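**Q** This is the structure I have questions about; it appears just below.
The values are calculated or read from the model by the stated rules, or taken from the named source; none is laboratory data. Given the structure is predicted, the values throughout are model-derived calculations rather than measurements. Cβ sites come from the backbone with ideal geometry, for glycine too, and all protein chains shown count toward neighbours.
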Amino acid sequence: MNSKKNVLWHLPLIIIGLVALLPVVFMISNSFKTLQESYQSILNLIPTKPTIDNYTTLNHQVNLIRLIWNTFFMATIVTLGKLLTGLLAAYAFRYFQFKHKSFIYLLFVATIFVPFTIVMIPNYLVIAKLNLLNSVIGVALPQLCDATGIMIFLKTMEKIPSSLFDSLKIDDIPNRRIFFNIVLPILRPSIISVGAMFFINSWNEYVWPTLILKDKGSFTLPLALQNYISSEGGTNFPLAMALSSIMIVLPLIIYLIFQRYILNSISNSGLK
Amino acid sequence: MSDNNATIELKEITKEFKSTKVIDQLNLKIAAGEFLVLLGPSGCGKSTTLRMIAGLESVSNGEVLIDGDDLNNKANDGHTIAMVFQDYALYPNMTVYQNLEYALKVHKVPKDERSLRLESILETLNLTKYKDRLPSELSGGQKQRVALGRGMAKKSKIFLLDEPLSNIDVQLREKARDEIQNLHDRNKQTIVYVTHDQLEAMALGDRIAVMNDGIIQMVDTPDNIYKNPTNLFVAKFIGTPQINILDVKYQDGYLLIANQRVVRVKQTANIEPNDYLLGIRPEHIKLSKESDEDLSIPAVVTKIVDYGRFTQLTLELDEKYTIKAVTKDINCNIGDTLYVRIEEQTSIIFDKDSQKNIYWDRV
């Protein structure tokens with residue numbers, strides 16, 4: 001009875017899994033085709049004459065190391081910034097009593113619902129005034145704080161019983177130590193999963209970096225990819241697929257390493 | 001004033017949460033080295049009082065004095081007060097040893113001194129085996145001992161305990177109670193202990209402060225509180241089975257139940273012809289099978305519970321009152337009629353309106 005039920009449940013899951021996997025397989029297989037073959041039989045999953053020419057061509061056309069480094073650098077700064085500000089803000093909301101606390105928190109959370117298109121222009125103007133156009137810092141700066149992080153971290157911190165904080169208060173433990181010695185270790189799983197989420201989002205980010213980064217030397221991977229699929233750059237499909245395949249490697253590694261935490265999600269904080 | 005304990009004085013303490021008075025003008029003096037138990041039903045303000053002593057809760061009005069000094073002026077050295085919480089509040093990311101060591105480390109107690117102190121605490125609390133475990137790998141009783149140990153490690157002058165035993169098994173509770181008692185005998189810290197369990201209070205306290213509705217109803221030794229409660233609340237709250245309360249009338253030197261004389265009152269100073277409440281503890285009710293005394297009244301047995309050590313009888317008196325009696329040596333069956341006798345010595349008389357014990361100063 002039970003196993004029958006399991007099969008019934010797994011069947012749709014397997015189908016959905018296959019559907020989700022298809023584009024990835026499609027991307028990887030086309031990255032090993034010649035341009036001609038990809039035009040003739042784009043849906044063929046296994047290339048008739050696999051070739052790594054696309055990868056070598058890519059390597060000649062763009063500085064791959066530089067691209068990966070730019071993207072990694074930007075995503076790391078943004079992720080660290082979001083984590084740090086999120087954790088500090090959540091700690092303040094959890095630990096301190098101050099006037100209009102819930103109202104201020106509401107304002108923070110409300111920023112999640114402001115569409116990017118609305119802040120895009122003002123942010124651009126500020127970055128331009130600061131003379132940070134064309135730099136990774138210019139891309140990262142407006143993104144160093146994110147209310148999503150505050151919200152998730154606060155929810156996790158709320159699971160830490162008040163008595164723990166009371167006990168630390170009676171023992172006269174300074175805030176700095178409470179934050180680093182107690183709160184951060186307890187929140188470790190949720191920091192890792194939220195951090196991975198931030199990193200992958202930032203790694204894939206396209207619109208905002210396009211506005212700021214003009215110089216090819218400071219391009220990130222999604223921007224470089226654009227060159228191969230836009231009308232101006234001409235469409236070399238296998239080349240674009242090869243670059244896409246390179247692009248997913250790092251997020252994939254991150255996911256594989258931390259999937260245990262990501263799956264456990266934010267609910268498991270190590271308490272109790 | 002001494003090195004290992006301190007006096008606590010609460011002066012006219014009032015605590016309000018959003019215009020609700022939780023504590024109302026509370027006065028309490030706790031001597032150095034005393035073991036005081038705050039006892040009361042949940043929501044009576046006992047935990048709030050403890051948290052105000054700890055400085056975790058601000059005082060709306062009044063003063064908390066530690067060794068005569070205002071709590072807020074005390075140097076924050078982390079050595080004055082230690083507290084054990086109901087849910088233990090252990091640091092989940094640290095092992096047992098690290099939990100005990102943490103506050104000492106932060107306050108720069110030298111390493112040798114630290115390990116010396118902790119080894120002996122782990123030894124006394126039987127935790128040496130578990131010192132490298134995380135709190136999540138411990139049972140409730142073990143966690144409770146770690147929490148206790150963490151409080152002990154600080155060698156504070158004042159030790160506050162907030163219902164430390166309420167989350168552990170009944171069987172372990174007595175053992176834990178002994179540990180706390182031993183701890184106090186050895187270190188002579190000033191201990192304030194909050195509980196809603198009257199047995200725990202009776203067993204541990206040098207004195208008990210019984211609280212209700214944010215007011216201390218009575219502060220006295222366990223014995224006095226049991227024998228001579230100030231008011232009806234204290235009488236009912238202390239003692240299992242609960243004290244019997246009967247409507248009585250005072251007339252011509254006698255207390256009457258349903259117009260029948262039951263108690264002859266010799267101390268007539270505070271009493272005048274009126275209606276009163278008579279409190280009598282179940283173990284003080286004398287039962288006999290024959291009506292050999294002139295003041296005894298008949299009652300019908302409606303329930304018998306044999307606890308082995310004693311038998312608890314439920315009796316119906318005058319078809320109006322249900323009373324409980326505890327006895328060892330009477331054989332009876334449900335439906336039997338027994339004769340109940342109440343002695344003046346053990347009867348407590350309460351005023352009907354104020355519910356105060358009118359012989360409060362008797363003892």
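**Q** Would you confirm whether any residue within segment B:85-106 is within 14 Å of chain A (Cβ to nearest Cβ), touching a strand residue (DSSP E or B) at 6+ places or on another chain (Cβ under 6 Å) and touching a residue at least 40 places away in the same chain (Cβ under 8 Å)?
**A** For segment B:85-106, residues within 14 Å of chain A (Cβ to nearest Cβ), touching a strand residue (DSSP E or B) at 6+ places or on another chain (Cβ under 6 Å) and touching a residue at least 40 places away in the same chain (Cβ under 8 Å): present.
**Q** Would you mention how many residues in segment A:89-134 are touching a helix residue (DSSP H, G or I) at 6+ places or on another chain (Cβ under 8 Å), surrounded by fewer than 17 Cβ atoms within 10 Å (Cβ to Cβ) and polar (S, T, N, Q)?
**A** The number of residues fulfilling the criteria is 2.
**Q** Oh, and also: Could you tell me which of the residues B:Gly335, B:Gly279 is more than 32 Å from the chain's Cα centre (by Cα) and either surrounded by 13 or more Cβ atoms within 10 Å (Cβ to Cβ) or not charged (D, E, K, R) (or both)?
**A** Among B:Gly335, B:Gly279, only B:Gly335 is more than 32 Å from the chain's Cα centre (by Cα) and either surrounded by 13 or more Cβ atoms within 10 Å (Cβ to Cβ) or not charged (D, E, K, R) (or both).
**Q** Filter segment B:287-310 down to the residues that are touching a strand residue (DSSP E or B) at 6+ places or on another chain (Cβ under 6 Å), of a type in the set (Ser, Thr, Tyr), part of a loop (DSSP other than H, G, I, E, B) and surrounded by fewer than 18 Cβ atoms within 10 Å (Cβ to Cβ) and list them by number.
**A** Listed by number, the list holds a single entry, B:Ser291.
**Q** Please indicate, with yes or no, whether at least one residue in segment B:28-48 is crowded, with 20+ Cβ neighbours inside 10 Å, farther than 25 Å from B:Leu138 by Cβ and within 14 Å of another protein chain (Cβ to nearest Cβ).
**A** Yes: one or more hits.
**Q** What helices (runs of 4 or more DSSP H), lying completely within segment B:143-232, carry at least 3 residues that are closer than 25 Å to B:Thr128 by Cα and touching a helix residue (DSSP H, G or I) at 6+ places or on another chain (Cβ under 7 Å)?
**A** B:170-187
**Q** Taking the residues in segment A:182-217 that are of a type in the set (S, T, N, Q) and surrounded by 19 or more Cβ atoms within 10 Å (Cβ to Cβ) as candidates, determine which candidate is nearest to the other protein chains (Cβ to nearest Cβ).
**A** The qualifying residue nearest to the other protein chains (Cβ to nearest Cβ) is A:Ser190.
**Q** Has segment B:216-232 got at least one residue that is touching a strand residue (DSSP E or B) at 6+ places or on another chain (Cβ under 9 Å), aromatic (Phe, Trp, Tyr) and at pLDDT 90 or above?
**A** no
**Q** When B:His284 is evaluated against the numbered criteria (1) surrounded by 14 or more Cβ atoms within 10 Å (Cβ to Cβ); (2) within 13 Å of B:Leu338 (Cα to Cα), which criterion, by number, is the only one it fails?
**A** (2)
**Q** For the subset of segment A:158-181 comprising residues that are hydroxyl-bearing (Ser, Thr, Tyr) and within 7 Å of chain B (Cβ to nearest Cβ), which member is surrounded by the most Cβ atoms within 10 Å (Cβ to Cβ)?
**A** A:Ser167
**Q** Could you tell me which of the residues B:Val22, B:Val59, B:Val84 is touching a Leu at 6+ places or on another chain (Cβ under 6 Å) and either acidic (Asp, Glu) or assigned by TED's automatic domain parsing to the domain that holds B:Gly205 (or both)?
**A** Checking each option against the conditions leaves just B:Val84.
**Q** Determine if segment A:130-137 includes at least one residue that is free of Cβ contacts under 8 Å to residues at least 24 places away in the same chain and in the same structural domain as A:Phe198 (by TED's automatic domain parsing).
**A** Among the residues of segment A:130-137, at least one is free of Cβ contacts under 8 Å to residues at least 24 places away in the same chain and in the same structural domain as A:Phe198 (by TED's automatic domain parsing), which makes the answer yes.
**Q** Still on this model: Which residue, of A:Phe98, A:Phe116, is closer than 30 Å to B:Val106 by Cα and either at pLDDT 90 or above or assigned by TED's automatic domain parsing to the domain that holds A:Asn70 (or both)?
**A** Unique residue meeting the criteria: A:Phe98.
**Q** In the same structural domain as A:Gly149 (by TED's automatic domain parsing), of a type outside the set (A, V, I, L, M) and in contact with a Ser or Thr (Cβ under 7 Å, 6 or more places away or on another chain): does that describe A:Thr85?
**A** In short, no.
**Q** Go through (1) hydroxyl-bearing (Ser, Thr, Tyr); (2) more than 24 Å from the chain's Cα centre (by Cα); (3) surrounded by 12 or more Cβ atoms within 10 Å (Cβ to Cβ); (4) in a loop (DSSP other than H, G, I, E, B) for B:Thr346 and report which single condition fails.
**A** Failed condition: (2).
**Q** For segment A:75-88, check the following and say yes or no: at least one residue is without any contact (Cβ under 8 Å) to a residue 24 or more places away in the chain, over 25 Å from A:Lys155 (Cα atoms) and either exposed (fewer than 14 other Cβ atoms within 10 Å of the Cβ) or not hydroxyl-bearing (Ser, Thr, Tyr) (or both).
**A** Within segment A:75-88, none of the residues are without any contact (Cβ under 8 Å) to a residue 24 or more places away in the chain, over 25 Å from A:Lys155 (Cα atoms) and either exposed (fewer than 14 other Cβ atoms within 10 Å of the Cβ) or not hydroxyl-bearing (Ser, Thr, Tyr) (or both).
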